[in-house]
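Written below as C-alpha cells is the structure these notes are about.
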Amino acid sequence: MKYILILAVFWCSQSFSSSDKGGGQQFIEQMAEQGDVTAQFVLGFAYDNGNNVEEDAAQAAKWYELAAEQGHSKAQLFLGVMYATGRGVPANYTTAFKWSRKAAEQGQEQAQHNLAVLYANGDGVPENNIRAYVWWSMAKTQGYLDAARNLDLLKSNMTKQQIANGQALAAKCYESDYKDCD
C-alpha cells in the first residue's frame, strides 16, 4: 500500500503529456480498476483537478464513488460536495447528505461542517438547527474555523433550550466517536 501511495504522490506531482499511458499513470489506473481504494481516490483526485489527465468531473465522481463505497472518507467528502454542487453529477442534496454523513461519522471535519450546512439550510434533509449545532460543534472541536463562525451565528437564532439540547447531543456524539449523533 505504501508503494501505491508513494507512486501516486509522484504521479500527481509530475507533468505527463495527455497521451502518456505508461509508468505511474498506467499503474494507478490498473490498481484502481482492480479495486484498490487508494488508487481509486488518487485517480478521482487527478480527474477532479486535472493532474496529469484532462480535468473531467464526471470521471472524478466515478472514481470517488468507487472509493467512497469502500469507506474512503476523503472520497466520501469530495463526492458529497460534487452532489451538493452538481459538479460531474446531477445536483442532489439527498445524496450529498448521504456521503457527507458517512465522511462526518469518520471524523472528517470539513464533512462535519458541510453536514451542518445541509441541516441548517434544510437541503436534502428537514431543517434542524439542533443537528446543525451538533455537527458544527464536532467540526469546531477539530479546529475548523468556518464551523466556529457558523455555530456562533446559529446560536443567535436558537432558544436556550435548543442550545442545551444541542450541547447534550453534541456531547453524546463526541463520546460515541460520531456514531450516536441523532
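If the reach is capped at under 15 angstrom between alpha carbons, list the aspartates and glutamates near LYS102, excluding any in the same chain fewer than eight residues apart.
Leaving aside aspartates and glutamates fewer than 8 places away in the same chain, those within reach of LYS102 are GLU65, GLU69, ASP177, ASP180, ASP182.
Over the Cα atoms of the range 28-182, how large are the radius of gyration and the largest Cα-Cα distance (Dmax), in Å?
Looking at the range 28-182, its Cα Rg and Dmax stand at 16.5, 55 Å.
How would VAL89, VAL134 line up from fewest to most surrounding beta-carbon atoms within 10 angstrom?
The fewest-first ordering by Cβ neighbours comes to VAL89, VAL134.
Where nothing but the Cβ of Lys and Arg (+1) and of Asp and Glu (-1) is charged, how large is the charge dipole of the range 65-182 around its Cα centre, in debye to the nearest 20?
Taking the Cα centre of the range 65-182 as origin, the dipole is about 160 debye.
State which entries of LYS62/LYS172; LYS74/LYS160; LYS74/LYS172 exceed 31 angstrom in Cα-Cα distance in the structure shown.
Beyond 31 Å: LYS62/LYS172; LYS74/LYS160.
ALA91 to ALA57: extension gain in nm, 0.36 nm per residue of separation minus the Cα-Cα distance?
This chain segment gains 11.0 nm when fully extended.
What does the charge count around LEU79 come to, taking other residues whose C-beta lies under 14 Å from its C-beta (Lys +1, Arg +1, Asp -1, Glu -1)?
Combined, the nearby Lys, Arg, Asp and Glu give +3.
Roughly what would the spin-label model give for GLU127 and GLN26, points 7 Å off Cα along C-beta, in nm?
About 5.6 nm separates the two model spin labels.
Taking the Cβ of TYR47 as the centre, find all other residues whose Cβ is under 13 Å away and add up their charges (Lys, Arg: +1; Asp, Glu: -1).
It works out to a net charge of -4.
Find out how many positive minus negative residues lie around SER100, taking Lys and Arg as positive, Asp and Glu as negative, among other residues whose Cβ is under 13 Å from that of SER100.
So the environment of SER100 carries a net charge of +2.
Quick note: the coordinates plus some simple rules give every number you see, no bench work behind them. What you see is a predicted model; the values in this text were computed from it and never measured. Cβ coordinates were reconstructed from backbone atoms using ideal geometry, including for glycine residues, and neighbour counts include every protein chain displayed.
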